[in-house]
Amino acid sequence: MNSLLEPGARAELPDEFNYGAAAVRFAPYQMPEFVSGIERFCREVHEAGAVAVFQLTHMNNAFAASPVPITEIYDLVPHELNEVMIDSILNTYADAAAVAHAAGADGVEIHCAHESTPQTFLSPALNHRTDRWGGPPDHRIRFVVEALERIRGRVGKALALGIRVNGEESRVGGYDHVQMREMTYLIGETGLLDFINIDVGHCFGTHAYIAPSYYGNAHYREFGKAARADLGPKIPVLFTGRINDPVVAEELLRGGYCDLVGMTRAGIADPEFANKARSGRLIEIRRCIACNRCIDEALNSKRPDTLKRPLCSVNPIAGNEQRWAREFRRAAISKHVVIVGGGAAGLEAARVSAMRGHRVTLCERGVRVGGQLLLTSKTPGRDSFEDQVYFQENELQRLGVDVRVNTSVDVEEIKALKPDAVVVATGSTPRYPMHVPGIELPHVVNGWDAVLGKVALGQRVAVISREDHFETPSIALFIAAKGKVVEVFHGSTHLGRDIERYSIGAVMQRVEEYEIPIHPNLILTEITAVAIRFVSSYARKSVSVGGFDSVVLVYGSVPNAQLYHALCADTRIAQPYIVGSAWTPRGIAEATRDGANVGLVI
């Protein structure tokens, strides 16, 4: 990387880039340990009858075609590349391709989309150059063509060579679909390409290229068909865009939308996706729910093990494969495991326990298992969360778990079941603000009851929030979709502060479409029959509003752990386990892992 420095520049590269900026001191292909790892990876891929294709990615916010912020989510203005630096970067593509070839790869693709360095040359919004690297489309493709030529010059036809492109930039001043078609056609005409990988979208706004649950499967499939028409049969088209169902994938292939289907998140949610589809076991596929927790953790997590341990909301083995390969085995003694609560944690505890040979009884007080997965699935754009419930229901039936719905149990009833182990997965209940006068008034309700239809709402609804993730906008959008006039009074600086960047655009798009006003930095102090009173979060200024028929509180939730404490106090029952939100409310991924980990050790 030092070769990128201009004469006279300091020789030490800084490491001050923020989370998600993806700027590192050395490229992975320059690290011997990484190379030995991909050699093993290629061997195992080939033994499984598949091919190994590596993506070559210069993704950063530190240098670019022009000094224009690469993405609208970060303010960092990049350094403008000069000829020496461009030449050095182009050589790294050839160097990396040679390493991949030596390691046993079958192909490589250059990442030319979504914050990558080639994207900054292709984009009219980012490339303001007046030299040979900028200008009209046939000049802006020069960086990509030169990278392809250098790879071909190094490895010849030994590797399949492709590019990943964005079907349209979805940003002000960026290229649209027609302009991208012109550029990909021109690149295809060089004869350098063996395939093209196309997706569509923005890296922060709408439509996000890592499409969240608010979009349907293969929403932009027509872009794939257009690429096939432009490039002809000699350059196969891979299309990706929220595809989690083998039936949809088959429709895309048969309908001529693409030659290959990309399904990264689907493979994270269920690594056996393709094998199950091939053998007709569609009911056993654990479908990706498009919550985007995986990409959020990869880019923005502050967990120290983020680069080593990926995370999936529905697949607890993701990132823990070695541990499961080492520790998962049939139980030496089959036990009777009683699980109380059928939410994400309880279902996974039941599934893993049954897979290990235990006799499992699951007691759920509701009419159906699913817990907060079912609650969330009722809100706009989150219906895919019910897919995980379907998967678990089918799995528990296949594994012979005794599922008892409409069943509430206490300590004595649990003892009567004669369990060898008890897992408390009783979830959480809505949190109410403490010491706020008026929350007991009849027109004040909690958001969960509003979504479940347990309460009637008036026409003008105030949603009062102390929650920074999806819950507040989901409930507000649910109420607005019923034809109500909604306003949100939020305790933080902005709504959805903790929503990852690939979903926030879809959320806020819908908030804007329903014309829902957001009033930030307000903390509830009192509710009366005619007014709602707040204090501002920072200046402590008093604010009073009126005219609302209903007040909906969205304050997150608190653990429902009473049963667990009662079981711990009863010496006649062995030490119980507690999992999921009953321990402390977190995300679906944490609940799923909690349940799986307990199922693994019983």
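At a glance:
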item	result
Cβ-Cβ under 8 Å pairs, at least 6 apart or on other chains, region 194-206 side within 16 Å of Met263 (Cβ to Cβ) and at pLDDT 85 or above, far side basic (Lys, Arg) and not in a loop (DSSP other than H, G, I, E, B)	Asn197/Arg164; Ile198/Arg164; Asp199/Arg164
Residue in region 368-385 that is over 21 Å from Thr472 (Cα atoms) and under 32 Å from the mean Cα position of the chain (by Cα) present	yes
Scan of region 53-70 for residues that are in contact (Cβ under 8 Å) with a residue 40 or more places away in the chain and within 23 Å of Arg132 (Cα to Cα), ordered by number	Thr57, His58, Met59, Asn60, Asn61, Ala62, Phe63, Ala64, Ala65, Ser66, Val68, Ile70
Spans of strands (runs of 3 or more DSSP E) in region 324-436 with at least 2 residues of a type in the set (S, T, N, Q)	428-430
Test: residue in region 143-151 that is out of contact with any Cys (no Cβ under 7 Å at 6 or more places or on another chain), of a type in the set (A, V, I, L, M) and assigned to a loop (DSSP other than H, G, I, E, B)	no
Number of positions in region 563-600 that are free of Cβ contacts under 8 Å to residues at least 12 places away in the same chain and part of a helix (DSSP H, G or I)	4
Matching option when the condition is modelled with pLDDT of 95 or more, farther than 24 Å from Ile289 by Cα and not assigned by TED's automatic domain parsing to the domain that holds Arg242, among Glu526, Glu471, Glu467	Glu526
Residue match in region 295-303 (condition: outside the structural domain of Tyr390 (by TED's automatic domain parsing), modelled with pLDDT of 95 or more and in contact with a Leu (Cβ under 9 Å, 6 or more places away or on another chain))	no
Residues that are among the hydrophobic types (A, V, I, L, M, F, W, C) and in contact with a Lys or Arg (Cβ under 7 Å, 6 or more places away or on another chain), drawn from region 324-336	Ala331
Within region 91-107, tally of residues that are surrounded by fewer than 23 Cβ atoms within 10 Å (Cβ to Cβ) and outside any helix (DSSP H, G or I)	3
Positions within region 229-257 being in contact with a Leu (Cβ under 8 Å, 6 or more places away or on another chain), farther than 20 Å from Glu182 by Cα and either buried (at least 16 other Cβ atoms within 10 Å of the Cβ) or in contact (Cβ under 8 Å) with a residue 40 or more places away in the chain (or both), in sequence order	Ile243, Pro246
Pair list, Cβ < 7 Å and 6+ apart or interchain, from region 117-138 residues that are small (Gly, Ala, Ser) to residues that are in a helix (DSSP H, G or I) and surrounded by 15 or more Cβ atoms within 10 Å (Cβ to Cβ)	Gly134/Arg140
Considering residues of region 132-188 that are out of contact with any Asp or Glu (no Cβ under 8 Å at 6 or more places or on another chain) and aromatic (Phe, Trp, Tyr) only, the residue farthest from Ala65 (Cα to Cα)	Phe143
Cβ pairs under 8 Å, 6+ apart, first in region 391-404 and in contact (Cβ under 8 Å) with a residue 60 or more places away in the chain, second loosely packed, with under 14 Cβ neighbours inside 10 Å and part of a helix (DSSP H, G or I)	Asn394/Ile283; Val403/Gln397
Output for region 534-562, where each listed residue is farther than 30 Å from Gly483 by Cα, in a loop (DSSP other than H, G, I, E, B) and small (Gly, Ala, Ser)	Ser537, Ala539, Ala561
Selection within region 162-207 - within 21 Å of the chain's Cα centre (by Cα), buried (at least 24 other Cβ atoms within 10 Å of the Cβ) and of a type in the set (Val, Ile, Thr)	Val165, Ile198, Val200
Sole exception among (1) at negative phi; (2) out of contact with any strand residue (DSSP E or B) (no Cβ under 6 Å at 6 or more places or on another chain); (3) surrounded by 19 or more Cβ atoms within 10 Å (Cβ to Cβ) for Gln397, by number	(3)
Those residues of region 529-574 which are among the aromatic types (Phe, Trp, Tyr) and loosely packed, with under 14 Cβ neighbours inside 10 Å, in sequence order	Tyr538
Number of positions in region 410-437 that are exposed (fewer than 13 other Cβ atoms within 10 Å of the Cβ) and without any contact (Cβ under 8 Å) to a residue 24 or more places away in the chain	4
Test result for Val45, under 27 Å from Phe239 (Cα atoms), surrounded by 15 or more Cβ atoms within 10 Å (Cβ to Cβ), assigned by TED's automatic domain parsing to the domain that holds Arg164 and within 28 Å of the chain's Cα centre (by Cα)	yes
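Residues checked against (1) among the aliphatic types (A, V, I, L, M); (2) in the same structural domain as Glu169 (by TED's automatic domain parsing); (3) surrounded by fewer than 18 Cβ atoms within 10 Å (Cβ to Cβ):
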{"residue": "Gln30", "(1), (2), (3)": "no, yes, yes"}
{"residue": "Val35", "(1), (2), (3)": "yes, yes, yes"}
{"residue": "Glu39", "(1), (2), (3)": "no, yes, yes"}
{"residue": "Phe54", "(1), (2), (3)": "no, yes, no"}
{"residue": "Pro67", "(1), (2), (3)": "no, yes, yes"}
{"residue": "Leu76", "(1), (2), (3)": "yes, yes, yes"}
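The values are calculated or read from the model by the stated rules, or taken from the named source; none is laboratory data. All values derive from a computational prediction rather than experimental measurement. Neighbour counts run over all protein chains shown; Cβ positions are idealised from the backbone, glycine included.
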